[in-house]
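See below for the structure under consideration.
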Amino acid sequence: MKIIKKSNTINKITHNLDNIGFVPTMGALHEGHCSLIKLSKKKSKKTIVSIFVNPKQFNKKKDFQTYPNKIKQDLAICKKLKVDYVFLPNVKEVYEWNSAISKFPKIKNIMEQKYRKGHFDGVLKVMAQLLSIINSTKVFMGKKDYQQMYLIKKLIKLNKLKTNLIECKTIRIKNGAALSSRNLLLKSYEITLMGKVATTIKKYKKQLNKLEFNSNFIKKKIYKLGINKIDYVELIKLDTLSKVKKISKKTNIFISYYIRNVRLIDNI
Ligand code: AMP
């Protein structure tokens, strides 16, 4: 496994290879990330994992400062999974790269866009830089961050990039809670609570075969579990990202809520 810190170097390496799988991450790797890496290993000749905590996508300074950093552990995980290259750039390396990607998709003012002002501008900007630096064949992203994945797909299409986005399923622990690097900031009873939120949504989703979706109804159920703050709970059509009332195979319930000061998202 090679660790590369310079954009120029990884650009040259990837220029000369074919069938490259790229897994962008912000580190503090868990089984969710590992599933993306394993899939990339399966479907590509070479796998590149980037670890870069992008300051531009944090709308709150404190959130950026407290974001978990586990670089030693991350590198050990990558090595174990036989990753070929880890791209570990600093802010300058990423942002001083002269990217050819200039078109950015319009972002609907819904869910994360509504509640985290500027977040997706930062995400799209860093992905434009990374996709321009790394000549990948496939880029692996998680459905856990569905709105993000949806926008990166649009970014790829709009700029006619040669890479294909592979949608990867959300990995959960036994109690139903989705894995997230932010879970490191939570106590074990709080992870239990996360599991209860996921289970409550799953149960409610089953009832929607007979009922129309009612945001206030499900919010009340979640508050009753001991959650103090919910940004949104919506039934969303996956191909248009619009709010709907009737469930179908192409809809999920999307939620953002807080446990203490830790903001969590999921879609089920
Ligand atoms: P992050 O390090 O949080 O920026 O995530 C890097 C990638 O891992 C993104 O494409 C995420 O959607 C994906 N990811 C995060 N959590 C999970 C999970 N529990 N299951 C599958 N993929 C995930």
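Below, the figures for the structure above:
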quantity	calculated
Footprinting exposure proxy for Asp145, Asp266 (fewest neighbouring C-beta atoms within 10 Å first)	Asp145, Asp266
Most mobile listed residue (Glu96, Glu167, Glu31) in the chain, GNM with C-alpha springs under 10 Å	Glu96
Computed lengthening from Lys203 to Tyr258, 0.36 nm per intervening residue step minus Cα-Cα distance	17.8 nm
Gain in span if fully extended, Asp121 to Asn109, counting 0.36 nm per residue against the direct Cα distance	3.1 nm
Shape call, segment 163-212: gyration tensor on alpha carbons, a/c limit 1.5	oblate
Rounded to 10°, Cα long-axis angle of helix 119-133 versus longest principal axis of the chain	30
Length-normalised contact order of segment 77-198 in % [C-alpha pairs under 8 Å, at least 6 apart]	21
Max mean-square fluctuation residue, GNM over the chain, Cα-Cα springs under 10 Å, options Ile110, Ile133, Ile37	Ile110
The chain shape via C-alpha gyration tensor axes, a/c threshold 1.5	prolate
Net length gained if the chain between Thr9 and Lys169 were fully extended (0.36 nm per residue, minus Cα distance)	54.5 nm
Relative contact order, percent, the chain [alpha-carbon distance under 8 Å, six or more residues apart]	18
In degrees, nearest ten, helix 71-80 long axis to first principal axis of the chain (Cα)	80
Segment 1-115 shape via C-alpha gyration tensor axes, a/c threshold 1.5	prolate
For segment 144-257: relative contact order, % (alpha-carbon pairs under 8 angstrom, 6 or more apart)	18
Proximal aspartates and glutamates to Lys249, defined as alpha-carbon separation beneath 17 angstrom and excluding residues fewer than eight positions away on the same chain	Glu167, Glu212, Glu234, Asp239
Inter-label distance for Asn228 and Lys92, nm, one decimal - labels placed 7 Å from Cα along Cα-to-Cβ	4.2
Distance (nanometres) between label positions extended 7 Å along Cα→Cβ at Asp63 and Lys237	2.8
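Read the figures in this text as sums done on the coordinates, not as results from a lab. Note that the structure is predicted; figures quoted are calculated from it, not measured. Counting neighbours? That spans all protein chains shown, and the Cβs are built from the backbone with ideal geometry, glycine included.
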